[in-house]
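A short write-up of the structure that comes next.
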2 protein chains.
Amino acid sequence: MKLVYQGKTKDVFELENGNYLLKFKDDVTGTDGVFDPGANTVGLSIDGMGNGGLRLTKYFFELLHDNGVKTHYVNADTDNNTMEVLPATVFGNGLEIICRFKAVGSFMRRYGQYATEGQDLDAFVEVTLKDDDREDPPITKDALEMLNLLTADEYESLKSQTQKICKILKADLAKKDCELYDIKLEFGRNNGEVILIDEISGGNMRVYKDGEVVHPLDLVKIVLGE
Amino acid sequence: MKLVYQGKTKDVFELENGNYLLKFKDDVTGTDGVFDPGANTVGLSIDGMGNGGLRLTKYFFELLHDNGVKTHYVNADTDNNTMEVLPATVFGNGLEIICRFKAVGSFMRRYGQYATEGQDLDAFVEVTLKDDDREDPPITKDALEMLNLLTADEYESLKSQTQKICKILKADLAKKDCELYDIKLEFGRNNGEVILIDEISGGNMRVYKDGEVVHPLDLVKIVLGE
């Protein structure tokens, strides 16, 4: 098993069957020791974060599978904090697909002139480039096409899948009295098809319960009923 | 004649016939005393800038008219630095429509990961919000629609008009051995139609000649053959 990539929150190994193994770590993104799913730097390490993130990811990927959404998920080994996934190539050096149900965070920093903090958004999708040096700039469909990062058809697939996926997740969280504010997904190409990759956990979504933001580890307990 | 708006580079008066009068000033945008068409602040005042800007604007609007493009331009009084224009309402508090033929400036600051400084771009259009406090954030078609700033049809009209207009301007500048790198336009609604408004001068375009950037006042002389 060969280590092929060391990420901020996961390491990636190549398997002999052509699939990949993701090893979830306890590191999370944040700034100055405070957890922030939108941050570019590893801000802190939280015991149990890798295992919790994996168990939540397994739960959500299986939920999506049951709802007919194809993803890169194959199976998970929660004892070893690993998940087997299909091979996929990312667009350029990676895109982040953000889906928003509430106007908060960077959305307000950009569009605060025309939006009210916390106003409802209808699964609004935007794309940013993974580029730490340039602070993950937002990018339009036209620019993505022009820079040959993806085709117009791939963009539309990615956008409609994002809205479908996020509505499924939002509805499931609502059953646990949790409200999904926004979430960050990643897609890749597998056999010419655009599929959801990476993880789905508290580390890349903003969830509120009883008016308070839910910590990623608390989200594991709430969603998995522990 | 009533003053209705004082802008960074122009004042606006209401006329009795329902049209408006734009008074061109000698102030230009820039930072620390250096001219920069992309800057949000009045950086300096240049003698003759208002008159030069108006004469160039008159020239370009008349060129567009001759090419069948409807704009807000009615006529110009170059002795008094004023231009009469049709009434128009802007989208929200105003949008800037940027058309790029070369990858430079803010394009490179955002997409430098995937572009080479100075590479050719095929009349690439992007939109930013006029919002000094938020540094004129870029915005997507989806966000413009969602925030009710314009409709999908208006966006497509604005994009195709921008590309047509800028190709006309680029071809005309090329006849004077000048190369248009990028340009910033503004559109508004007039009787339910999207039309080009504001000015077209050295103050909102980046032009090169013999490998050197052309100063707005030099552009007046070159284009008008003075």
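The values are calculated or read from the model by the stated rules, or taken from the named source; none is laboratory data. Predicted model, so just to flag it, every value in this text is computed and none were measured. Neighbour counts run over all protein chains shown; Cβ positions are idealised from the backbone, glycine included.
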Residue hits (the range B:54-86; among the hydrophobic types (A, V, I, L, M, F, W, C), out of contact with any helix residue (DSSP H, G or I) (no Cβ under 7 Å at 6 or more places or on another chain) and either surrounded by fewer than 17 Cβ atoms within 10 Å (Cβ to Cβ) or assigned to a strand (DSSP E or B) (or both)) are B:Val74, B:Val85
If we keep just the residues of the range B:208-226 that are assigned to a loop (DSSP other than H, G, I, E, B) and free of Cβ contacts under 8 Å to residues at least 60 places away in the same chain, which is nearest to the chain's Cα centre (by Cα)?
B:Val214
Among the residues of the range A:173-191, is there at least one that is in contact with a His (Cβ under 8 Å, 6 or more places away or on another chain) and modelled with pLDDT of 95 or more?
yes
Restricting to the range A:84-93, what's the tally of residues that are within 10 Å of another protein chain (Cβ to nearest Cβ) and closer than 23 Å to A:Ser160 by Cβ?
1
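Would you be able to tell me the number of residues in the range B:154-208 that are among the polar types (S, T, N, Q) and in contact with a helix residue (DSSP H, G or I) (Cβ under 8 Å, 6 or more places away or on another chain)?
Kept after step one, since they are among the polar types (S, T, N, Q), are these residues of the range B:154-208: B:157, B:160-163, B:190-191, B:201, B:204.
Among the residues that remain, those that are also in contact with a helix residue (DSSP H, G or I) (Cβ under 8 Å, 6 or more places away or on another chain) are: B:201.
Counting residues in the range B:154-208 that are among the polar types (S, T, N, Q) and in contact with a helix residue (DSSP H, G or I) (Cβ under 8 Å, 6 or more places away or on another chain) gives 1.
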Applying the selection to the range B:1-53, what residues are touching a helix residue (DSSP H, G or I) at 6+ places or on another chain (Cβ under 7 Å), under 23 Å from B:Val90 (Cα atoms), of a type in the set (Val, Ile, Thr) and assigned to a loop (DSSP other than H, G, I, E, B)?
B:Thr9
If you scan the range A:77-127, which residues turn out to be farther than 15 Å from A:Leu22 by Cβ and among the β-branched types (Val, Ile, Thr)?
A:Thr89, A:Ile97, A:Ile98, A:Val104, A:Thr116, A:Val125, A:Val127
Those residues of the range B:162-185 which are acidic (Asp, Glu) and buried (at least 20 other Cβ atoms within 10 Å of the Cβ), in sequence order
B:Asp182
Which condition number does B:Glu193 fail, the rest of (1) at positive phi; (2) more than 11 Å from chain A (Cβ to nearest Cβ); (3) of a type outside the set (Val, Ile, Thr) being met?
(1)
Determine if the range A:143-164 includes at least one residue that is within 11 Å of chain B (Cβ to nearest Cβ), out of contact with any Gly (no Cβ under 7 Å at 6 or more places or on another chain), touching a residue at least 24 places away in the same chain (Cβ under 8 Å) and closer than 26 Å to A:Leu217 by Cβ.
no
Residues located in the range B:29-53, provided they are in contact (Cβ under 8 Å) with a residue 24 or more places away in the chain and under 18 Å from B:Thr78 (Cβ atoms)
B:Ile46, B:Gly48, B:Met49, B:Gly50, B:Asn51, B:Gly52, B:Gly53
Looking at the range B:87-140, which of the residues that are of a type in the set (Asp, Glu) and surrounded by 17 or more Cβ atoms within 10 Å (Cβ to Cβ) is farthest from B:Ile183 (Cα to Cα)?
B:Asp131
Here is a list: B:Thr71, B:Thr41, B:Thr89. Which entry is of a type in the set (Val, Ile, Thr) and under 25 Å from B:Ala171 (Cβ atoms)?
B:Thr71
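Name the residues in the range B:102-126 that are in contact (Cβ under 8 Å) with a residue 24 or more places away in the chain and more than 8 Å from chain A (Cβ to nearest Cβ), would you? Talk me through it step by step, then tell me what you get.
So the first thing to find is which residues in the range B:102-126 are in contact (Cβ under 8 Å) with a residue 24 or more places away in the chain, and the list is B:102, B:104-107, B:110, B:123-126.
B:Lys102, B:Val104, B:Gly105, B:Ser106, B:Phe107, B:Ala123 - these are the residues of the range B:102-126 that are in contact (Cβ under 8 Å) with a residue 24 or more places away in the chain and more than 8 Å from chain A (Cβ to nearest Cβ).
Where residues in the range A:104-140 are on the phi > 0 side of the Ramachandran plot and small (Gly, Ala, Ser), which of them is farthest from the chain's Cα centre (by Cα)?
The residue in question is A:Gly118.
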Where a residue in the range A:179-191 is under 15 Å from A:Thr71 (Cβ atoms) and its partner, wherever it lies, is of a type in the set (Phe, Trp, Tyr), with Cβ under 9 Å and at least six apart:
A:Ile183/A:Phe101; A:Phe187/A:Phe91; A:Gly188/A:Phe91; A:Arg189/A:Phe91
